[in-house]
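Here is the structure we will look at.
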Amino acid sequence: MTRIGIILGSTRPGRNGEAVAGWVHDNAARRTDAEFELVDLLDYKLPLLDEAYPPSMGQYAQPHTLTWAEKIASFDGFVIVTPEYNRSVPGALKNAIDFLYGEWNNKAVGFVSYGSTGGTRAVEHLRLIAGELQMADVRSQVALSLFTDFENFSVFKPIDAQLDALTATLDQVVAWSNALSGLRAN
């Protein structure tokens, strides 16, 4: 069965991402075409990148890196849930991505973002990062606005159309994850 990791990319106290990632996971869990697991960066306690060698060499030495690498390697694709911080990606998410290389290769990735402009600028940056990591980013995405999908900017209440966007994103992530399976087998 295809395994998709739903990565919660914010570690900030009081983060909106918990509710968003829960919504993604709850809807994904109803599907029968893949298994979905929520991966919270808070559970991995990654410090600022502290490996001596570039991740592309695959010579990880730190126990936290080995644990993180094992988790990411176990998936065939990803949905990254991310806020937009200062027109970009949260530092904790970028750091977590930068710890690894081969574990990301030849896997599909989709994005669910949120912010005042729907988190779209964070996703633009993540698409560039995904290309460098040899990931296939899918076209569909969910862009949640703090103005229309949250009450008082903090209570998550997505408009109905967001479920259609999520379904399209999950459809594409699962399809591309399956299509890339031959590359991962090599």
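Each reported figure results from applying straightforward, stated rules to the coordinates on display, with no laboratory input. Computed from a predicted model, the values in this text were never measured in an experiment. Cβ sites come from the backbone with ideal geometry, for glycine too, and all protein chains shown count toward neighbours.
From L183, L170, L144, grab the single residue that is under 22 Å from A29 (Cα atoms) and not in a strand (DSSP E or B).
From the options L183, L170, L144, the qualifying one is L170.
Please enumerate the residues belonging to segment 132-186 that are in contact (Cβ under 8 Å) with a residue 40 or more places away in the chain and of a type in the set (D, E, K, R).
Once the filter is applied, which keeps residues that are in contact (Cβ under 8 Å) with a residue 40 or more places away in the chain and of a type in the set (D, E, K, R), segment 132-186 yields only R184.
Considering (1) assigned to a helix (DSSP H, G or I); (2) touching a residue at least 60 places away in the same chain (Cβ under 8 Å); (3) buried (at least 21 other Cβ atoms within 10 Å of the Cβ), say which one V123 fails and leave the rest.
(2)
Here are the criteria: (1) free of Cβ contacts under 8 Å to residues at least 12 places away in the same chain; (2) among the acidic types (D, E); (3) under 30 Å from E151 (Cα atoms). Tell me which single one E70 does not satisfy.
(3)
Can you find, within segment 21-62, the residue that is surrounded by the most Cβ atoms within 10 Å (Cβ to Cβ) among those that are aromatic (F, W, Y) and in a loop (DSSP other than H, G, I, E, B)?
Per the criteria, the residue is Y60.
Please specify each residue of segment 1-34 satisfying the condition of being among the aliphatic types (A, V, I, L, M) and over 13 Å from the mean Cα position of the chain (by Cα).
Those that are among the aliphatic types (A, V, I, L, M) and over 13 Å from the mean Cα position of the chain (by Cα): M1, A19, A28, A29, A34.
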